[in-house]
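Asker: Shown below is the structure under consideration.
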Amino acid sequence: MNYSFIQDENAVEQIDGITYEFPYTMHERDLTSYTIPWHWHEELEFNYAYKGSIIIETVNRTYTVRQSEAYFINTNIMNTKRKAKGASVAVEHAHLFHPILLAGHYRSIFETKYLNPVLQNQSIEVMVIKEDTESGKEFLELLHCLTRLRKTENSEFQVRNLLSQAWLVLVKEIGLQRQKNSLQAAYTHERTRDILSFIHKHYQDNITVANISEHANISPKECIRSFKNTFHQTPMDYLIHYRIEQAKRLLRETDESITNIAFMTGFHNSAYFGKMFKKLAGMTPREFRQEHKK
């Protein structure tokens, strides 16, 4: 079944196959030559990348789901989907269901204890689930079981039970990924601080990205990537800015010649120092010194 896009008067998507009697359906979506436009709905999605890779884009982030990976989309998350760049095909098995199927009724323990902590958490919009954890393997197997029930008659109880099991596994996976992200954030913070300390200590020397990455025990490419993620500039750009700030301090507080200050701050070419200083400070080193002498 390909995707059919229908909206109600409030621009909320109406999903083909979802009924009041049984608010669950499965769609096989072929995104090879089709992009699902921006949409949102109350129904939750447990999806599996059956063939190829898929891009899910939300207002906040872009997610890549590769073949044989699963993903969860939370309620009312505005998103669009398309085939990933470089993929020849993109087909997914989408299991869509309204939360009421698991909650049973308003303010039930299933809703308040198990569903709402996820549904009401705005930081959880899309969760990519892989086979690299026990919970990830279990989640994927439950989706496969759901798919096998697709054309089975009188399977409503089985579908609800499988969705309930998958939900518990999802909650566990969310906890594991949060713990992993927390440890990764702490490691990244420590590594970035180490890089900054190295630059601040050696800014007068002729240091390169290779020197910085070797100190941090990572590749030059990873050094640039992680530094840009935190500071939105490369380590070398930061080094130049830091050198110029140190030059400004020396111009204000000492009577050293401009040429000496250039060498003292790691610039081994006074002409290049003057060029970069004017670019970043908006005036020449001499003009800066005169301005601050006043």
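Asker: Along each of the three principal axes of the Cα atoms of region 250-294, give the extent in whole Å, ordering the values from largest to smallest.
Answerer: 29, 21, 11
Asker: Separate question: Could you give the radius of gyration (one decimal) and Dmax (whole number) of the Cα atoms in the chain, in Å?
Answerer: Final numbers for Rg and Dmax: 27.6, 89 Å.
Asker: Sticking with this structure for a sec: Counting other C-beta atoms within 10 Å, which of 71, 34 has the fewest, and how do the rest follow?
Answerer: 34, 71
Asker: So who's got an amide H within less than 5 Å of the one on residue 90, skipping anything under 5 residues away but keeping other chains? H placed 1.01 Å off N, in plane.
Answerer: Long-range HN contacts for residue 90: 31, 32.
Asker: Alpha carbon centre of region 201-217 versus region 131-176: separation in Å?
Answerer: 49
Asker: So which lysines pass the test for residue 278, namely a Cα distance under 25 Å, with those fewer than 8 places away in the same chain ruled out?
Answerer: By straight Cα distance, residue 278 reaches 201, 228, 248, 293, 294.
Asker: A further question on this structure: Give me the net charge for the shell around residue 158: Cβ to Cβ below 15 angstrom, other residues only, Lys and Arg +1, Asp and Glu -1.
Answerer: +1
Asker: To continue, here is another question. For region 6-182, give the magnitude of the charge dipole about the Cα centre (Cβ charges: +1 Lys/Arg, -1 Asp/Glu; no others), in debye to the nearest 20.
Answerer: 600
Asker: For region 235-294 and region 61-119, write down the distance between their C-alpha centroids in whole Å.
Answerer: 54
Asker: On to the next question. Using Cα pairs under 8 angstrom and six or more residues apart, how large is the relative contact order of the chain, in percent?
Answerer: Relative contact order comes out at 12 percent.
Asker: So if I restrict to the alpha-carbon atoms in region 63-176, what is the Rg, and what is Dmax, the biggest pairwise distance, in Å?
Answerer: 14.7, 46
Asker: So if each residue of separation counts as 0.36 nm, and I subtract the Cα-Cα distance between residue 291 and residue 131, what length gain in nm does that give? Could you put the intermediate results ahead of the total?
Answerer: On the way: separation 160, 0.36 × 160 = 57.60 nm, distance 6.25 nm.
The residue 291-residue 131 span can extend by a further 51.3 nm.
Asker: Taking neighbour counts of Cβ atoms within 10 Å as a proxy for exposure, in what order, fewest first, do 223, 145 appear?
Answerer: By the 10 Å Cβ count, ascending: 145, 223.
Asker: Right, something else. Extending each Cα 7 Å along its Cβ direction at residue 145 and residue 157, get the distance between those two points in nm, one decimal.
Answerer: It works out to 1.5 nm between the two label points.
Asker: Residue farthest toward the positive end of the dipole of region 150-226, with Cβ of Lys/Arg at +1 and Asp/Glu at -1: which of 209, 197, 177?
Answerer: Among 209, 197, 177, the one farthest towards the positive end of the dipole of region 150-226 is 177.
Asker: Sorted from fewest to most neighbouring beta carbons within 10 Å, what does the list 251, 149, 101 look like?
Answerer: So the ranking, lowest neighbour count to highest, is 149, 101, 251.
Asker: Here is a follow-up. What's the tally of Lys pairs in region 6-182 whose alpha-carbon atoms lie under 25 angstrom apart, where the two lysines are 8 or more places apart or on different chains?
Answerer: Within region 6-182, the lysine pair count is 20.
Asker: A further question follows. Could you calculate the FRET efficiency of residue 116 with residue 233 from 1/(1 + (r/R0)^6), where r is the beta carbon distance between them and R0 is 35 Å, rounded to 0.05?
Answerer: The calculated FRET efficiency here is 0.30.
Rule-based calculations on the coordinates, nothing more; no lab input. No experiment lies behind these values; they were computed from the predicted model shown. Using ideal geometry, Cβ is built from the backbone for each residue, glycine included, and neighbour counts are taken over all protein chains shown.
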